[in-house]
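Reading through the structure tokens given below for one structure.
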Amino acid sequence: MNFSEVIQQLVNGISLGSLYGLVAIGYTMVYGVLRLINFAHGDIMMVGTYMAFFGVSAFLLPWWASFIFAMVLAALLGVVIDKVAYKPLRSASRISSLITAIGVSFLLENLFLVLFGGVPKAFPIPKLFAGSLNIGGVILPFVSIFAPVLGIVFLLILLQLLHHTKYGMAMRALSLDIETTRIMGVNVDAVISLVFAIGSALAAAGGILWSLKYPSINPLMGILPGLKAFAAAVLGGIGDVTGAAIGGFIIGVSEILIVAIFPELAGYKDAFAFLLLILVLLFKPTGIMGKDLGGRF
Amino acid sequence: MNKKRNSLLTIASIVALFLFLWYASAHFNKYSIRILNDIAIFMMLAVSYNLINGVTGQFSLEPNGFTAIGAYVSSLLTLTAAQKHAMFIIVPMIHPLDTLHLPFLAALIVGGLVTALVGFILAFPVFRVRGDYLAIVTLGFGLVIRVFSNNAISVTNGPLGLKGIGAYTNLWWSWGWAVFSLIVIMRLVNSGYGRAMKAIRDDEDAAIAMGINSFKIKMIAFVTSAFFEGVAGGLLAHLITTISPTLFTFFLTFNLLIIIVVGGLGSMTGTVIATVMVVWGSELLRVVDQPMHLFSFTIPGVPGMRMILFSVLLIVIMLFAREGIMGQKEFSWNGFLNFLRHRKQK
């Protein structure tokens, strides 16, 4: 492998990793606040992508409007799922909300299978993203530049929100102790809704970028990226937003590099993130940026 | 004295069950026998699944991956060398496996043991941290096992799958194993280990403070479940005689989750009742996928509608009837006889 090929693979890996990172942020925020693995998160990403698809192809919106439309709808969906399926179970045993989470995930997948069929649909790519740059033999598709840039912009906005606003302070307080935060007069339910809204909107953004890169969408498309994003969140240190983004980049880059170096392992590509998850749990369960979230839960 | 009477009653009801099966195998049609076999295998799966989820309180999504291992291992062992040679047309099978041949029972047990070992390896990193990750690790494992069975062609024959597996599973095998696993798991639940499992479910920190080794207890529950799920996978493979990577989807796990939730998390009695209801009920529910005629209207059938109904059912039960049918209660002969006496007095 010569130098420009290495750079090429790195570019591919970074743009893939930023997608995992965007999805992982939602996982890590919800887990940080509620200690709940939101199994429906990957499916929210799928729904967001479908909404963008319909925005462009059915409602004939310009692409940027339909992307915003999709993110808003995904945020709404996340909030509704929390209100309907998770909130009534906050005081029940932890296994109850995990079971409803898996129920919601299965419901979304099958609802979309019945409504729109299992045949993959071609995602319309706006002209702006269709081209690519060629710098010294390294091909940079516009999507591959756009995805990490957008990912980092979203991350910076989110960090600003978390550390320099009252809502962010409330979120960080929630992740330490919900009941005490409630006593301090914080409207806990509103803040939790905000967490779901932000996470789901970012998942939709990740899904849209995903389909600009791989322009074929189907109702089961959220499962694998969702799982890898969760591995990224654990790798980065669950509960930590920056960690989730870093974990996403690491998983994306290493997945691409492994296939580039050992082409015969390409079939096992999807198993790699899983192996990494097991290794992280074995050797550094708190992840890269992680702090211990108060012992065992 | 009560204890002796209760064991006699239990033995009598097992004998009655097998008398019924003897009658069924001679007089029932193929379709009904198939449903009876399904009920037995699902019962075995659901009871083991409830041990880790309901009794120990560790949410896990392993059954589809684990039955796949049991199915593959045991079928590879019962297939003859000639059959394997003829079947592996893409890549020949790797050496020691291609001539290995075992009788059915031994193959089932080896399948169960391999699954238990895999369960141990998977759960080891998870239980050292917090049990939360068990669900995501087992969910991921279900996907990885499919990646593996598609790609490790010299072991699993890849996407072509295995064909011509001997149809050894009959009512005796399936119900024999179902009753055996139920007895073993009930004995486990009622032992000191079982009480430790329930303690961990109700409050893990308190259980640890009481001196319970929570890592060991969770591991015992998970590995026991894994063993019986592996055996059930073997029984399933020798019932349908053809297996391929696409067979063991998440839908299997989802079905079992509904069974243990409907029956009541932690209640084996509830699980047994719910297995019969759900396996039978989903046969009846097949009408939903087909066109329906109500009065003079025709409602077009929607394929996949069953899955939507199932997931809505699961969410609704969790939200409004979390106890399921039995809650955490179990059937006991004392309770049953008291109930009968009470009715007579009225």
>> If I take the Cα coordinates of the range A:13-220 and project them onto the principal axes, what are the three extents in Å, biggest first?
In response: 57, 41, 28
> Can you pull the Kirkwood radius for chain B, inverse mean 1/r over Cα pairs, to one decimal in Å?
Replying inline: 21.5
> Label-point separation (nm) for A:ALA65 and B:ASP98, each offset 7 Å from Cα along Cα-to-Cβ?
Replying inline: 6.5
> Which residues make up the longest stretch of chain B clear of chymotrypsin sites (Phe, Trp or Tyr not before Pro) that lie in a DSSP loop with no more than 16 other Cβ atoms within 10 Å, not counting the sites?
Replying inline: B:29-294
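Fewest Cβ neighbours within 10 Å first, please rank B:ARG146, B:ARG187 accordingly.
B:ARG187, B:ARG146
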> So which lysines can B:LYS4 reach, going by Cα to Cα under 30 Å and dropping same-chain residues fewer than 8 places off?
Replying inline: B:LYS198, B:LYS329, B:LYS344, B:LYS346
> In a solvent-free Debye calculation with one equal scatterer on each Cα, what is log10 I(q)/I(0) for the range B:106-216 at q = 0.14 Å⁻¹, listed in the order of the q values?
Replying inline: -0.87
> What number, rounded to the nearest 500 deg cm²/dmol, is the helix-based mean residue ellipticity at 222 nm of chain B, given -39500 (n - 2.57) per DSSP H run of at least four residues and division by all its residues?
Replying inline: -23500 deg cm²/dmol
> Local charge sum around A:ALA40 (other residues, Cβ-Cβ under 12 Å, Lys/Arg +1, Asp/Glu -1)?
Replying inline: -3
> When only C-alpha pairs under 8 Å and at least 6 residues apart count, what is the relative contact order of the range B:2-345, in percent?
Replying inline: 28
> Where in chain B are the DSSP H helices whose alpha-carbon span along the long axis reaches 30 Å or more and whose Kyte-Doolittle mean is at least 1.0?
Replying inline: B:104-128, B:214-240
> Among residues other than A:ASN12 whose Cβ falls under 14 Å from its Cβ, what is the net charge (Lys/Arg +1, Asp/Glu -1)?
Replying inline: 0
>> If you fit an axis through the alpha-carbon atoms of helix A:94-116 and take the longest principal axis of the Cα set of chain A, what angle between them do you get, 0 to 90°, nearest 10?
In response: 40
> If the viscosity is 0.692 mPa s and the temperature 37 °C, what Stokes-Einstein diffusion coefficient in µm²/s follows for the range A:211-297 when Rh is the Kirkwood radius over Cα pairs?
Replying inline: 237
> How far is helix A:142-164 tilted, in degrees, relative to the longest principal axis of the Cα atoms in chain A, given as a value from 0 to 90 rounded to the nearest 10?
Replying inline: 20
> So how tilted is helix A:63-81 from the main axis of chain A? Cα-based, degrees 0 to 90, rounded to 10.
Replying inline: 30
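Can you give me the convex hull volume of the Cα atoms of the protein assembly as shown, divided per residue and expressed in Å³?
Convex hull of Cα atoms, per residue: 205 Å³.
Any chance you could list the semi-axes, whole Å, largest first, of the equivalent ellipsoid that the Cα gyration tensor gives for the range B:163-237, using √(5λ)?
Rounded to whole Å, the semi-axes are 33, 13, 7.
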> Based on Cα positions only, what radius of gyration and what Dmax would you give for the range A:51-146, in angstroms?
Replying inline: 18.8, 59
> How high is the relative contact order of chain A, in percent, counting Cα pairs under 8 Å that sit 6 or more residues apart?
Replying inline: 36
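Since every read-out is calculated from the coordinates, none of them should be taken as a lab result. The model shown is predicted, which means the values in this text are computed figures rather than measured ones. Here Cβ is always computed from backbone atoms with ideal geometry, including for glycine, and neighbour counts include all displayed protein chains.
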